[in-house]
1. For the structure I just gave you, tell me whether B:L20 is among the hydrophobic types (A, V, I, L, M, F, W, C), under 13 Å from the mean Cα position of the chain (by Cα) and at negative phi.
2. If I ask for residues that are touching a residue at least 40 places away in the same chain (Cβ under 8 Å) and closer than 20 Å to B:V16 by Cβ, which ones from the stretch B:250-285 would you list?
3. So is A:A239 under 17 Å from A:W125 (Cα atoms), within 14 Å of chain B (Cβ to nearest Cβ) and surrounded by 24 or more Cβ atoms within 10 Å (Cβ to Cβ) or not?
4. Tell me, please, whether a residue that is on the phi > 0 side of the Ramachandran plot and out of contact with any Pro (no Cβ under 7 Å at 6 or more places or on another chain) can be found in the stretch A:51-61.
5. From the list B:T19, B:T13, which one is in contact (Cβ under 8 Å) with a residue 12 or more places away in the chain and within 14 Å of chain A (Cβ to nearest Cβ)?
6. Anything in the stretch B:265-277 that is at the interface with another protein chain (Cβ under 8 Å from one of its Cβ atoms), crowded, with 18+ Cβ neighbours inside 10 Å and either modelled with pLDDT under 85 or not in a loop (DSSP other than H, G, I, E, B) (or both)? List them, or say none.
7. Against the condition part of a helix (DSSP H, G or I), touching a residue at least 12 places away in the same chain (Cβ under 8 Å) and over 30 Å from A:Q10 (Cα atoms), how does B:V137 come out, does it pass?
8. Looking only at the stretch A:73-94, count how many residues are in a helix (DSSP H, G or I) and buried (at least 24 other Cβ atoms within 10 Å of the Cβ).
Amino acid sequence: MTSRLYPVLQTGAFILLALVLCSLIFAAVGLSATETLGAIVDGAFFRPNALAHVLRWGLPLLITAVGVVISFRAGYFNIGAQGQFYLGAICAAFAAEWMRGSPALVAVPVCMLAGMAGGALWALWPALLRVKAGADEVITTMMGNFIAAQLLVHVTSGPLKDPSGSGQQASSRPVEAAWRISESSGSSPVIIAIAALVVLLGWWLVNRTSFGILSGLAGRNPVMVTWQGAKVQRIAISAFVLSGALAGLAGSVELMGPNGRLASGFLPDHGFTAILIALVAGMSVIAAAFIALFFGALTSAGLWLPVMTGLPSSAIDIIHASIALFITAKAGVFRGLLARFGR
Amino acid sequence: MEDLIVAFLRSGTPLVYVTLAGVIAQRAGIWHLGLEGMMITGACATILGIVLAQSVVVGLLAGAVFCCLLALLFWFVVEVLKANQIIAGLGLTGLGLGGTALALTAIFGSEGAVSASFGLPRLGPAFGAFGGLSVLVAAMPFVVFACWLLLCRTRFGLRLAACGEHPFAARATGVNPGTMRLVALLLGGPLCALGGAELAAGSLQIFSVNMTAGRGFMSFAAVIFGAGHPLGATLASFFFALVGALGIRAQLSYGDRIPSSLLLALPYVATVAGLWLSARMRGGNAASSRELGQQ
C-alpha cells in the first residue's frame, strides 16, 4: 500500500511546492496570494454550474492527454499536442465545409475522422524526422506548434473565412447547427461518450496489448527492446501517430462541440495543459481521467477570474508553469532529505 | 539591399545573444528550453525599467537580475531536485510568459502592450544607413568573440565542456559539475536579458505579451544546429534570422499573392529544416540521454 501511496504523496508535495512558488510570484507583483488562490478555487469548484464547466474544459483536455501519455510512455517528447490539436480542428472544418448539406449521421463521424487524420499527419513528420534522420522531436514538434498556429490564421482569414464575420478575431463559417455535438456552453452525452471511449481504449492499449507493454519498455530502455527483436521504429511512429490522432480528435470535438467554428488562436494553452495532465497523472490513463477534470476546473477558473474578480487570467498560466517546473522532480530527493534529518 | 541587411541584423542580434546563453548551458550539460521564458523576462524588465525609472541602465540591470533569478530557480529544479530538463525548461518558459503578462496587468491594469518613449542608445548618423541600429548590435561580434574565447580557449571552458560530456571525469579532476552548471546558467542570464532588451528596446521600444513568439526555442534549435559551438550556433541563428528577414521582404513585394501568415511561418520551417540537416550531417540517431521518470 505504501509503495502505491508514495508517488501520490510525492506528486502532492511537489504541487504544494509549486503553489508556494506561485504565491511568491503573486506577492511579487502586488497581488494578495491567499486572495488570488482563494478566487481560483472559488472559480474552479464553487461557482454556479461548476461541474458543467469542468466537463466542458476537462473532457477535450483528457482526450489530448491520453495521446500525450501514449507518446511519452514510448520515450518520445511529443510537445506538439497544440499543433496537432489545431490541425485536427482545421481538417475537421474543411471536411465540414465540403460535406455541407449531408445528414448529420454521416457528416459528424467523417469530420471526426478527418480531424484525427489531420492530427496524425501533423505528428507523422516529426516522427519520421526523429526516426529516420535523428532530428530531435522536442524542437520539431514545438516548431510544428508555431507553424500550425500560422496555418490557423491563414485558414480563418483565407479559405474558410466567414464573410459576414466582424471583430478582431478572424473566424471560419460556423459548422451546421444540426451537426453540433453539444451546446456552446458545456458538455453533452456525446462528448462524454467519446472521452470515455478514448480512456477505455487508451487503458486497454497501454496495459493489455503488446504495443503498450513494448512501448513502455522502449521508453525506459530502447536498447534492450531492440535486442529483444521488437521493431522500435515502428513503435515510435505508431506512438507519435496515435498521440497526434487523439489531439486531432480533441480539436474536432472542440470544433463540432462547444466552439462551433474555427477562430484564429483559439485555446492557445490546450496542448501544454494536456502535457501537464499526463505528467501529473504519472503516465497512467485512468489517473489522467481524474487529473484532467482538475485541470479543466483550473482552465474554467482562468476564464472566470477576469470577469468576476478582475484578477488576470495569466494567474492560471503561472500555476500551470510552476507545476510543470516541479512535477518531474525525483523522489530520491525527499528520501535523501528524510534520511538526513533522521525521519 | 542595405535595408535588408539592417532588417537582418535587427532580427538576428536578439537570437545571437540568447543562442550564446543556450550554448554555454549546452556545454555544461543542460538542455535549456527555458531560454524563451528568460528572453521575454529580459524584454519586459528592460521596457518596464525605461518606463518606470526613465533609465536604460536600470532596465538592463533589472533584466539581468530577473533572468539570473530564473536561472537560479532552473538550476535548483534541474540540479538539486533532479527534475527532467525538458519539462522543467518548458515550465520556466511558461513562468516567464505568464509572469510578464501578470506583471503588465498588475502594473498597468491591462494585458497588452507598453511602449517606452526611448529605447537603447543608437549608433547615430555617423553610420549612415546603419545608424538606426542599437549599440547592442555593434557589441554583438565582440560578445560572440568573448564567448568563443571563454568556451574554447580557457581552462574554465574546458572544464565546462567536461561537465557536459563526462561529468564523472570532471568530478575526478576535482571539478563539481553541479557548481559549474550553476555558473553556466548564471552566465546565460544576462545574455538572455540582452537578447530580450534588443528585441524590445532595440528598434521597437515596445513590450507586448508573448512578443518573443518562439524566438527562444529558435535559439535553442540554433544551439543544436550549431553543434553546441559558439561560432556554429551564431551562424545558425543568423541563418534563421536571414530567412525571417527574407520573409518580411517577400511580404512587402509579394504580399498580395502569398498569404502573409504563411510567410510568417517561414523561420519555423527553416528551423525544422536546419535540425533535419544537422541531424543528417551528424548521421544516424542522435543519442539522447533524456528519460522521463515513470512510476
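1. Values: among the hydrophobic types (A, V, I, L, M, F, W, C): yes; under 13 Å from the mean Cα position of the chain (by Cα): yes; at negative phi: yes.
The answer is yes for B:L20.
2. Here is the first cut: in the stretch B:250-285, the residues touching a residue at least 40 places away in the same chain (Cβ under 8 Å) are B:267-268, B:271, B:274-275, B:277-278, B:282.
Once the filter is applied, which keeps residues that are touching a residue at least 40 places away in the same chain (Cβ under 8 Å) and closer than 20 Å to B:V16 by Cβ, the stretch B:250-285 yields B:P267, B:Y268, B:T271, B:G274, B:L275, B:L277, B:S278.
3. Numbers: under 17 Å from A:W125 (Cα atoms): yes; within 14 Å of chain B (Cβ to nearest Cβ): yes; surrounded by 24 or more Cβ atoms within 10 Å (Cβ to Cβ): yes.
Taking the combined requirement at face value, the residue satisfies it.
4. Within the stretch A:51-61, the first condition is being on the phi > 0 side of the Ramachandran plot, and the residues that meet it are none.
Checked against the condition, which is being on the phi > 0 side of the Ramachandran plot and out of contact with any Pro (no Cβ under 7 Å at 6 or more places or on another chain), the stretch A:51-61 yields no hits at all.
5. B:T19
6. Of the residues in the stretch B:265-277, the ones at the interface with another protein chain (Cβ under 8 Å from one of its Cβ atoms) are B:265, B:268-269, B:271-272, B:275-276.
Right, trim to crowded, with 18+ Cβ neighbours inside 10 Å and you get B:265, B:268, B:271-272, B:275-276.
Correct list: B:Y268, B:T271, B:V272, B:L275, B:W276.
7. Working: part of a helix (DSSP H, G or I): yes; touching a residue at least 12 places away in the same chain (Cβ under 8 Å): yes; over 30 Å from A:Q10 (Cα atoms): yes.
For B:V137, the condition - part of a helix (DSSP H, G or I), touching a residue at least 12 places away in the same chain (Cβ under 8 Å) and over 30 Å from A:Q10 (Cα atoms) - is met.
8. Step one: list which residues in the stretch A:73-94 are in a helix (DSSP H, G or I), which gives A:73, A:81-94.
Going one step further and asking which of them are buried (at least 24 other Cβ atoms within 10 Å of the Cβ), we end up with A:73, A:81-93.
Here the count works out to 14.
The values are calculated or read from the model by the stated rules, or taken from the named source; none is laboratory data. Nothing here was measured: the structure is a model prediction, and the numbers come from that model. Cβ atoms come from the backbone with ideal geometry, glycine included; neighbour counts cover every protein chain shown.
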